[in-house]
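Asks: The following block contains the structure, expressed as structure tokens.
The values are calculated or read from the model by the stated rules, or taken from the named source; none is laboratory data. Every value quoted in this text rests on a predicted model; they were computed, and no experiment measured them. We place every Cβ from the backbone using ideal geometry, glycine too, and count neighbours over all the protein chains shown.
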Amino acid sequence: MTGYPERVGRVQEACRPVERFTFFLYVGLLVFVLIFAGAVAVSSGRGSSGVLAFGTALLVVAAASLVGAILGFLFGIPRSLQAAAQAQPADAVAQGHASAANASPAFRTNTSLEEISDWLTKIIIGLGLVQFESLVLFLYKCAALAAAFAASASLPAGDITKVAYDPRFASPVFFCLILAALVSGCLFMYVETRTRLLVVFLAAEFANDANLKDSATVPVSVPQPLTAVQFDQRRQPPVAVAVRATENDKAVAQVQFEMLQSTEDLIGWASAQARLGRLDEAERALGAALIRDQNSTEIRKRIVEVRRLKGDRIGAVRMMMEIAERTTDRKKRDDLLQNALFEGLYAPAPDGFTAALEISQTILQDPDPQRQALILVWRACAFGQKYKWLTEHGGSENEISTTKHDARALVEKVVELKPDISSSERALLASLYEGRYGDDDDLKVFKSDEFDKLIFSNRS
């Protein structure tokens, strides 16, 4: 859409000579009709004959122009860009050009009228070529009937066998009027449909495109970063808060999903839907965008935002893990995994603790000494959630015993790494064991003399 206003200006400037020519052509036809009507009035000696001839000629010109305009409209409906847009993605995908596949055509709307236009133009051209002689005779018959109607006003009263003039003399005049109006109406409407109507389509598309681009740049939710206190004390992460919808979002949301063409369109539409609270629609559009651009981190981040707004913590965690897997920077990757681990601990069981165990294991494979003890504490919490879930849902004795053993090993490792009981990690461990943070009591299920002795021992 780059340079759209300039192109519209050039199109409108190019249309003006055609429109001026058409205007003067119809003015000329009107003058001709006036002269013809005057001649009829003089030749017949009756003013009513001239009036009838004038009215009949105007009706003939209007009817022929209307038929020509309909034909010009059918022939001029822009559909070449539509066809190119439909063919382009297939070719681009076949050649492996993802960027070409995502390129959007000039516009794309409901194709029903275009298909009808295509069928009718082929039918009209086919019949016109086969029945050309019959078509010419039909037009001449129409001219003769119009001439006869105009001549009826000059019939002498009481003697219909006597006609003031032969109506066949006027038939060529009406035939010329029909041809001139038919061709003029067709060509004028064809040019207008191919230019000004296309500009209208493009204007609507340009507005939608601009709105969609604007919508794609605005975040879905207010950023809610985890604080150091939340990390160190394992406080529940803040609830995501949606950004307030704007008038632009309402306009974008009116666009039909089927009209979205590019990946950016899908992102902008989904973002607007999310800010309007239509989270399922937003996730559907973002999923479609991700299929088009499977390497996009930005799309995945939007999906995380939408899932958080939906309260789908485990879905957000899974997507955060995907983002981390695609991140090459170690620090950023570990930060993403740590955030995902934190979210997983608050996701519903069993998916939540399963994801937390998987993520913590990944982080510990390449541990950061500065936060290894903290990750071990959180991993022990995941085992605490698993232990509680197994005991409440009929887990086997072996599973329950193994889970408790794994948790105890992690606690021992934390104590080994942080022997000072006053350290932040040991304080967090004790708080989670005693349930000082309310619902954050994942280690409380292991309450026993064995764990008391281990957690509250001071080896400094």
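Asks: Take the residues in region 256-274 that are in contact with a helix residue (DSSP H, G or I) (Cβ under 6 Å, 6 or more places away or on another chain) and not hydrophobic (A, V, I, L, M, F, W, C); name whichever of them is farthest from ASP293 (Cα to Cα).
Replies: The selected residue is GLN273.
Asks: Still on this structure, I have one more. Does LEU443 satisfy the condition of being farther than 29 Å from ARG330 by Cα and either modelled with pLDDT under 95 or among the small types (Gly, Ala, Ser) (or both)?
Replies: It is true that LEU443 is farther than 29 Å from ARG330 by Cα and either modelled with pLDDT under 95 or among the small types (Gly, Ala, Ser) (or both).
Asks: Moving to a separate point now. Scan region 429-460 for residues that are free of Cβ contacts under 8 Å to residues at least 24 places away in the same chain and among the charged types (D, E, K, R) and report the count.
Replies: Final tally of qualifying residues: 7.
Asks: Would it be correct to say that ASP368 is assigned to a loop (DSSP other than H, G, I, E, B) and touching a residue at least 40 places away in the same chain (Cβ under 8 Å)?
Replies: It is false that ASP368 is assigned to a loop (DSSP other than H, G, I, E, B) and touching a residue at least 40 places away in the same chain (Cβ under 8 Å).
Asks: Of all residues in region 403-430, how many are crowded, with 16+ Cβ neighbours inside 10 Å and more than 19 Å from GLN372 (Cβ to Cβ)?
Replies: Residues in region 403-430 being crowded, with 16+ Cβ neighbours inside 10 Å and more than 19 Å from GLN372 (Cβ to Cβ): 2 in total.
Asks: To continue, here is another question. Keeping to region 200-228, report how many residues are assigned to a helix (DSSP H, G or I), at pLDDT 60 or above and surrounded by fewer than 19 Cβ atoms within 10 Å (Cβ to Cβ).
Replies: Of the residues in that region, 5 qualify.
Asks: Can you name the residue in region 261-278 that is among the charged types (D, E, K, R) and closer than 13 Å to ALA245 by Cβ and, of all such residues, is surrounded by the most Cβ atoms within 10 Å (Cβ to Cβ)?
Replies: Of everything passing the filter in region 261-278, ARG275 is surrounded by the most Cβ atoms within 10 Å (Cβ to Cβ).
Listed here are the residues, each with its yes/no results for (1) at pLDDT below 80; (2) among the hydrophobic types (A, V, I, L, M, F, W, C); (3) buried (at least 20 other Cβ atoms within 10 Å of the Cβ).
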| residue | (1), (2), (3) |
| --- | --- |
| VAL31 | no, yes, no |
| ALA37 | no, yes, yes |
| VAL40 | yes, yes, yes |
| SER44 | yes, no, yes |
| THR56 | no, no, yes |
| LEU74 | yes, yes, yes |
| GLN86 | yes, no, no |
